[in-house]
Amino acid sequence: MLIKQMPRQSLFWVFVAQTIVIAPHLTHLPEWIILTWLLILGWRIQMYRGLWRSPKPIEKVALVALCGVGLLFGYSRLFALEPMVGLLVAAFLLKLLEMQQRKELLLVIFIGFFVTATQFLFSITLAATVYGVISLLLLLVALVSANQDVRIDNSHATVRKAAGLMIQSLPLMLLLFIFIPKLGSLWNVPSLKNAAKTGVSNSMSPGDFSRLGLSNEVAFRVTFDSELPRQSQLYWRGLVFSNFDGRRWSPISDFSRIQDEVLWAVDNTEARSNTWQMRPIPGRETRYQVMLEASQQSWLYSLPMPIEWKGATGLSRDMTLLSKNPITERLTYELVSTLNFEFEPERLSSLGKFQATQLPLDFNPKTQQLALKWLREEGSAKGLMERILRLYNDKFTYTLQPPTLGRHSVDEFLWTTQQGFCEHFASSFVFFMRSAGVPARVVVGYQGGELNPLDNYLIVRQKDAHAWAEVWFQGQGWVRVDPTAAVAPERIEHSLEASLSSADVGLVGGFMGRAGAFGWVKHLQLQWDASNYRWQRWVLAFDRNRQNDFLKHLLGGLQPWRITLAFISVAALCLAPIILRLLWLQRPPPLSPVARCLLRFERKLKKLGLVRRKGETLGNFATRAAEHQPNYREQFMLIAKLYERVVYGEDNAGMAALKIRVSNLKL
Amino acid sequence: MQQLVTRLTAEISKVLLGKEPQIKLALACLFARGHLLIEDMPGMGKTTLAHALAAVFGLSYQRIQFTSDLLPADILGVSVFDRNSSQFEFHPGPIFSQVLLADEINRTTPKTQSALLEAMEEGQVTVEGETRQLPQPFFVIATQNPLSSSGTFPLPESQLDRFLMRVELGYPSPEAERALLLGDGSRTRLPQLKACITKDQLSIISMHAEQVKISAAVLDYLQRLIAYTRDCADFSMGISPRGALALLRTAKTWAVMHGRKHLLPEDIQSVLPAVVAHRVSEATGNSDQSGYALIDQLLNEVDVMS
């Protein structure tokens, strides 16, 4: 029977479901849609309570027009993700107010499923997924109650039924997840969302890194296949800055030019080894997977020196790992690095040498003079380096809140304030070395990371952002020198927190970082991060390539017949328990011993053509049989008597006798 | 017990030849403290059976011949002004007896038929606002002609339901008929019938019937029967809970009459036509109230064992 009326119970669930479904969109919906939502929800609830009337056609038209105008002019661009979702949400709302009949109610619920799906365009974290599942459940509850009898008012049963439906569909969900071809960026609609992200940027000026130190956001996570290298070895190399304008460090003037000189494939190892002088020394290779959060930048982080990489990744001349496209969504890449290597040990090209020694002329005169003086006193670049590092160690303070610096920033830092964060040390160190004519450059990236013992992976956060230096020596090539290590070795050996004064520690990582000071909060954070990371690695990272690899591995090939066969057999496996359960429930009840005796007796008599009629009692049947077979009269009658005694007299003492009589009956 | 039954049956058979099964059913009905309706064509011995039953039970009885102009007061009694005492004095009607023989009950109007309702269900009558108890035990043994005969008012279902049993007598067998034809008028022997059972024996039978063991298997069968009458499309009306209780009560009495301490499906099957036939009706609208075709179907279609 087709119900036309809207079940009240269902209406209630639709209110709940709609609220839950729209809530995650609140962050990007314009205010006027939220106001409309409140207005419509209030109106509809008043209608539900029977206090207000339903909207007149003219009011409906006005609402639609208003929403249309809002959508047309409320967004900076019409063809983008947000306005489209706004349109869907507006339709969802207006339909809620308009619906009168059951079929319209169903329509609202179906739009709800769509809106739930759009939620994943904005976030695909584990939390968002859990939330999506809850939304789905509520919509299902609304759907179930919409199909129930109007008189049924048992919300427990309704929720149970919906949950049951959902659980039953889980195997199918899994199956489709594994087998349905991944279509890639089907949703590649431009988003209005500002892509601003915290993280290492493509230039460095004083204060940049100390600001990053305040952020607890995750930059990337790393899983090592083999043993974790020592904390002090974990220099996640990002960009190389050779250009200094007196205040700001940046990559060599034309960044895009570097990209012309990028090795996109690994097979050219010979050329790399000879022309680029990147020479791995065997013995300390390590393989690891990095899952990089969206950085909106196109460089990647690696332990120097990467020797194997895959996909749309390449290595530039200055050993920066680059991606072909900006990282706009989470990216997982696998690398092999060797920790022992030589980089340009033989000679530096004249251009390279120029780049690694250029200085802005009219800046920091004191440093420039002193560097030359010290070089004369020490006699060698190595000696000069040791002296300046000694100076750092003796006089300098490592702090997140350094004093601000003026025009001659290096001069002021080195000879006056002597308090700073990593960028101050790296910057001043490189400037000093260059002043003495020693090739040096700034390298930025991350240092260290926190091991999540629950899943044995490394979490590298924004507060781990770091800047250090590389100095070139004849015969040795580029050597990593970390002046911060000279001031605050704890920063390198342990973590940022360990190296700071107690006043500074309070600033690290913002609120979440501070909450982590409590043991159990820390544990929860790690637990949550581990779940998220697993979710990322095993679910979200399952893209087309992984799917192909997985299916190939599983089925031994990717021919359509294999996939079809596997799909059908797995589906059958999923359905089998349900069918078996149904069959099991329909099985005939087990026969009691008496019933078995009766069956046996009847079978024996059947051979003589004597069949008990449905409405015939055993006594009557025995009498009839006795008339047919007078020889067995006594036996038949006795069996009937015993049966009556056992079944109707409920006297089990006769059971054994009945059994014997029936089995001894030979016809 | 069986001897008692045999003796009673034999006694009644003196006046009603060859009707042992019906006599036994009628006995079961009275043992189960139920009212009995005897239905058949005129001249089949209905009244004789009723008389004989009353006689062998040794109970006081009154007989009313129901006619179309009979009024409730004729049954229940009436208050008459007594000139001497200057008061109204109640003159109890024939209903104030242990056995009421309601002869040809369906010849009277529904109004008068209904006068019996309270008496049959509760053992009391209310006349002129005063409730009066009837003597105990109180049985109504009614006879009626089949509905097809002219000048009858069919008993309403509510009234029929009050009768525990409806028995049909049918034509006598050739031998019985011959004996009847040869013998002297059996009616004349009616006054000679002796009371064979005391009031105490009657209560003992009731007590025994209470104690009859009802096994799960037989209850299952009973419930299957009831469910069949309610679910099967051929029935327009299934057995009511009152009907089901009546069936069980009669079957238990039947078991006691056969000297058993537990109930058998046969007991139910034996009393079922008499107890149930007047309580069910066919869906086809065939309103002769006989219901026997349905009962046959019921007994044949419902499995006894499972």
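Observations, loosely collected:
- Enumeration of residues in region A:330-367 that are under 30 Å from A:ASN532 (Cβ atoms), open to solvent by 50 Å² or more (accessible area, probe 1.4 Å) and not β-branched (Val, Ile, Thr): A:ARG330, A:LEU331, A:GLU334
- For region A:1-30, taking the residues that are crowded, with 20+ Cβ neighbours inside 10 Å and of a type in the set (S, T, N, Q), the one that is farthest from A:LYS161 (Cα to Cα) is identified as A:GLN18.
- The set of residues in region A:569-622 being within 14 Å of chain B (Cβ to nearest Cβ), open to solvent by 50 Å² or more (accessible area, probe 1.4 Å) and assigned to a helix (DSSP H, G or I) consists of A:PRO593, A:ARG596, A:LEU599, A:ARG600, A:ARG603, A:ASN620.
- Any hit, region A:31-40, residues being more than 30 Å from A:LYS161 (Cβ to Cβ) and either outside the structural domain of A:ASN154 (by TED's automatic domain parsing) or open to solvent by less than 40 Å² (accessible area, probe 1.4 Å) (or both): yes
- Any chance B:GLU104 is of a type in the set (Asp, Glu) and open to solvent by 60 Å² or more (accessible area, probe 1.4 Å): no
- Filtered by the rule that a residue be within 27 Å of B:GLU11 (Cα to Cα), assigned to a helix (DSSP H, G or I) and touching a residue at least 40 places away in the same chain (Cβ under 8 Å), region B:193-225 gives B:LYS199, B:GLN201, B:LEU202, B:ILE205, B:SER206, B:HIS208, B:ALA209, B:GLU210.
- Residues (open to solvent by less than 100 Å² (accessible area, probe 1.4 Å), hydrophobic (A, V, I, L, M, F, W, C) and in contact (Cβ under 8 Å) with a residue 24 or more places away in the chain) located in region A:48-92: A:LEU63, A:VAL64, A:CYS67, A:ALA80, A:LEU81, A:MET84, A:VAL85, A:LEU88, A:VAL89, A:ALA90, A:PHE92
- Flag for B:GLU39 being surrounded by 15 or more Cβ atoms within 10 Å (Cβ to Cβ), under 17 Å from the mean Cα position of the chain (by Cα) and among the acidic types (Asp, Glu): yes
- Single residue of region A:649-664 satisfying the filter (more than 14 Å from every other protein chain (Cβ to nearest Cβ) and open to solvent by 90 Å² or more (accessible area, probe 1.4 Å)) that is farthest from A:ALA595 (Cα to Cα): A:ASN664
- Residue among B:THR126, B:THR143, B:THR188 that is in a strand (DSSP E or B) and surrounded by fewer than 19 Cβ atoms within 10 Å (Cβ to Cβ): B:THR126
- Complete set of residues in region B:272-293 that are over 16 Å from B:GLU39 (Cβ atoms) and either modelled with pLDDT of 90 or more or within 13 Å of another protein chain (Cβ to nearest Cβ) (or both): B:LEU272
- Residues of region A:623-636 classified as open to solvent by 40 Å² or more (accessible area, probe 1.4 Å), in contact with a helix residue (DSSP H, G or I) (Cβ under 8 Å, 6 or more places away or on another chain) and away from chain B (no Cβ under 12 Å), total: 4
The values are calculated or read from the model by the stated rules, or taken from the named source; none is laboratory data. Please read these numbers as outputs of a predicted model, since none were measured by experiment. Glycine also receives a Cβ, built like all others from the backbone with ideal geometry; neighbour counts cover every protein chain displayed. Only protein heavy atoms, including side chains, enter the accessible area calculation; ligands, DNA and RNA are left aside. Shrake-Rupley method; radii C 1.70, N 1.55, O 1.52, S 1.80 Å.
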